[in-house]
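Throughout, read-outs are computed from the coordinates displayed, never taken from laboratory work. Small disclaimer: the values here were computed from a predicted structure and weren't measured. Positions of Cβ are generated from backbone atoms using ideal geometry, with glycine treated the same way; all protein chains shown enter the neighbour counts.
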Amino acid sequence: MAPVDEKPASLCRSEPHDTLEVSLLKYIYSHPSLAQIRGCPSALLALIDEFAAKQAFFISLGPDKAKKLSTLFADEKPKVVVELGTYVGYSAIMFADAMRQAAGGSSTGLRLWSLEADPLIASIAMNFIELAGLSDIVKVVVGPASDSLKRLSAEGKLSSVDLMFIDHIKELYVPDLELSEQLGFLHSGSLVLADNVVHPGAPAYREFVRGSSKYESWGLKCLLFPEDIVDEIEISRVK
């Protein structure tokens, strides 16, 4: 899923950068099944996928990655998740729903911090998260990821992370992971997932985690939606 501060090249046009995301918002809220979507994360994600399939330049996490990550969440049962790059909230909704299911339907003790640089895109994501009935789990934090990580640590809101999902500017993957290490967020057994390491690619990040003695790392092959291009999510477990 492309983050707001790293748009696919096809979105770099003269129109306001948020035109497509606003179109998605209107698409969802004008849909005849809106009443059935409320409080149903899977139905909302299916509609976003439907929109993405019609708009080839709108990149979402998509059903293939969602299915594989849902299985991972079911196995790992993370309680505290941090996401770098909210975009329109697709992954945050999918993750929070999977967290709640893994906890037997309870939201108690679950928290997902989703960090987004763009305030307008963050507001769209918040809207969808509320529509999905997951605002009790997901908290969207607006601002550069590094600033937000430092602030959450300083305010005592975040001290330990079970799973981190990195999906923002590729050049920030390594420095923001290093910052998370310095802040003491990662513990033995923590998972760090980095999206799009093959397409469009994050070779420096993959080299960093695979060359570090702190992690055991491997790639999870998946399809980039809606083009069905082969991509990988790099999964790194803290030793």
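Worth pointing out:
- Within a Gaussian network of the chain (alpha carbon springs, distance under 10 Å), most fluctuating of Ala102, Ala154, Ala52: Ala154
- With one equal scatterer per alpha carbon and no solvent term, the Debye-computed log10 I(q)/I(0) for the range 61-130 at 0.12, 0.13, 0.19, 0.20 1/Å reads -0.30, -0.35, -0.74, -0.81.
- Residue of Ser160, Ser188, Ser42 that the Gaussian network model of the chain assigns the largest fluctuation, springs spanning Cα pairs under 10 Å: Ser188
- With the convex hull drawn around the C-alpha atoms of the chain, the volume per residue stands at 111 Å³.
- Charge dipole (the chain, unit charges on Cβ, about Cα centre) - positive-most of Leu84, Leu134, Ser106: Ser106
- Span from the the range 112-137 Cα centroid across to the the range 194-239 one, whole angstrom: 25
- Nearest-ten-degree value, helix 62-76 long axis tilted from longest Cα axis of the chain: 40
- Stretchable slack from Ser107 to His31, in nm (0.36 nm times residue separation minus alpha-carbon distance): 24.5 nm
- Helical contribution to [θ] at 222 nm, DSSP H n ≥ 4, -39,500 (n - 2.57), averaged over the chain, rounded to 500: -12500 deg cm²/dmol
- Over all Cα atoms in the range 108-183, the spread is summed up by Rg and Dmax: 12.6, 35 Å.
- Difference of contour (0.36 nm per residue) and Cα-Cα distance, Arg38 to Trp218: 61.1 nm
- Restraint check, Lys26/Lys77; Lys170/Lys239; Lys157/Lys221; Lys67/Lys157; Lys54/Lys157; Lys54/Lys79, Cα-Cα greater than 28 Å: Lys26/Lys77; Lys157/Lys221; Lys67/Lys157; Lys54/Lys157; Lys54/Lys79
- Value of relative contact order over the range 103-239, rounded to a whole percent, pairs C-alpha under 8 Å and six or more apart: 19
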